[in-house]
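These notes concern the structure reproduced below.
The values are calculated or read from the model by the stated rules, or taken from the named source; none is laboratory data. Because the structure is a prediction, the values reported are computed rather than measured. Note: ideal-geometry Cβ built from the backbone for every residue, glycine included; neighbour counts use all protein chains shown.
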Amino acid sequence: MIAYGNFLFRHRNWVFPLFMVVIFVAFRPVPWGGTPESDLPLDLVGIAIAIAGAALRGAVVGLAYIKRGGLQKKVYAEDLVTDGMFAHSRNPLYVGNLLMLLGYLVIHNNPWVYVLGGVFFLTAYHAIVAAEENFLSNKFGSGYYAYCRDVPRWRIRFAGLAGTFRNMEFNWLRVLVKDYSSIDTGTITVLALLAWEAVSFRGLESATGTLVMLGIAFVVVQALALTIVVAKKTGRLKA
């Protein structure tokens with residue numbers, strides 16, 4: 001499991017998207033209630049779950065940032081981060097990711113996608129966490145063991161959360177600079193799923209109006225992302 005986790009940590013930027021594309025395309029979306037109109041509430045639930053995951057990621061990055069990509073795409077940590085959201089969960093970023101993924105699965109709503117996506121991503125994140133825990137325990141020893149005793153691995157401990165936000169400065173700019181790509185990718189995924197739904201449920205010709213609106217939303221989102229990229233490259237936007 002640790003070896004699998006190290007592999008995924010190194011290659012997750014292409015393994016995870018490829019897997020999602022394969023299962024979402026291989027299986028057609030299933031409308032909740034049997035009609036496109038009755039499926040709308042479920043789409044809204046899925047979008048809400050995905051937004052909750054993105055908000056959790058934002059809370060993590062805004063309070064106490066860690067270098068998420070490791071060192072040379074290998075698990076690495078210079079310091080043991082235990083403040084911010086890491087005082088309430090040992091893996092809050094991954095919990096946020098899983099919530100976003102659950103939101104995508106809910107929007108698609110195919111039983112096979114639930115099963116295959118659920119098994120793959122739960123196993124994948126379990127393996128990545130196993131690899132990270134192996135590294136952290138070897139590097140930080142007793143300090144890390146004490147942290148593990150005090151803080152749950154997956155569950156978000158809400159006790160004291162208000163105090164954490166009250167006692168720490170929330171860095172909105174860092175969220176924008178460091179996590180805009182995740183927000184951009186998540187938005188594109190939702191738009192793509194809604195477009196795939198429209199075509200699957202109503203056919204390409206009948207879905208033209210919906211596709212045009214989703215296309216406009218895509219252009220707007222990409223324009224905002226490009227603005228952030230340019231501002232970062234020119235030094236006008238720094239965390």
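Values as computed for the structure displayed
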quantity: Matching option when the condition is within 26 Å of Phe16 (Cα to Cα), surrounded by 13 or more Cβ atoms within 10 Å (Cβ to Cβ), in contact with a Lys or Arg (Cβ under 8 Å, 6 or more places away or on another chain) and β-branched (Val, Ile, Thr), among Val95, Val129, Val151, Val106; calculated: Val129
quantity: The lone exception for Lys232 - which of (1) in contact (Cβ under 8 Å) with a residue 60 or more places away in the chain; (2) of a type outside the set (Val, Ile, Thr); (3) in contact with a Lys or Arg (Cβ under 8 Å, 6 or more places away or on another chain) it fails; calculated: (1)
quantity: Test: residue in region 34-43 that is among the β-branched types (Val, Ile, Thr), modelled with pLDDT under 90 and farther than 20 Å from Ser137 by Cα; calculated: yes
quantity: Among the residues listed as Thr185, Thr189, the single one being in a helix (DSSP H, G or I) and crowded, with 16+ Cβ neighbours inside 10 Å; calculated: Thr189
quantity: Pairs with Cβ under 9 Å, 6+ apart, first in region 23-35 and of a type outside the set (A, V, I, L, M), second surrounded by 11 or more Cβ atoms within 10 Å (Cβ to Cβ) and in a loop (DSSP other than H, G, I, E, B); calculated: Phe24/Asn110; Phe27/Asn110; Arg28/Asn110; Pro29/Asn109; Pro29/Asn110; Pro31/Asn109; Trp32/Asn109
quantity: Exclusive hit being modelled with pLDDT under 90 and either more than 28 Å from Gly96 (Cβ to Cβ) or not in a helix (DSSP H, G or I) (or both), set Leu237, Leu176, Leu211; calculated: Leu237
quantity: Candidates Asn134, Asn109, filtered to the one that is on the phi > 0 side of the Ramachandran plot and touching a Gly at 6+ places or on another chain (Cβ under 9 Å); calculated: Asn109
quantity: Selection from region 168-209 of residues that are of a type in the set (S, T, N, Q) and more than 19 Å from Leu56 (Cβ to Cβ); calculated: Ser200, Ser206, Thr208
quantity: Lone qualifier among Gly141, Gly118 - being within 21 Å of the chain's Cα centre (by Cα), over 19 Å from Asp83 (Cβ atoms) and without any contact (Cβ under 8 Å) to a residue 24 or more places away in the chain; calculated: Gly118
quantity: Selection within region 156-173 - surrounded by fewer than 17 Cβ atoms within 10 Å (Cβ to Cβ), touching a residue at least 60 places away in the same chain (Cβ under 8 Å) and assigned to a helix (DSSP H, G or I); calculated: Leu161, Phe165, Trp172, Leu173
quantity: The one condition in (1) over 14 Å from the mean Cα position of the chain (by Cα); (2) surrounded by fewer than 20 Cβ atoms within 10 Å (Cβ to Cβ) that Leu63 fails to fulfil; calculated: (2)
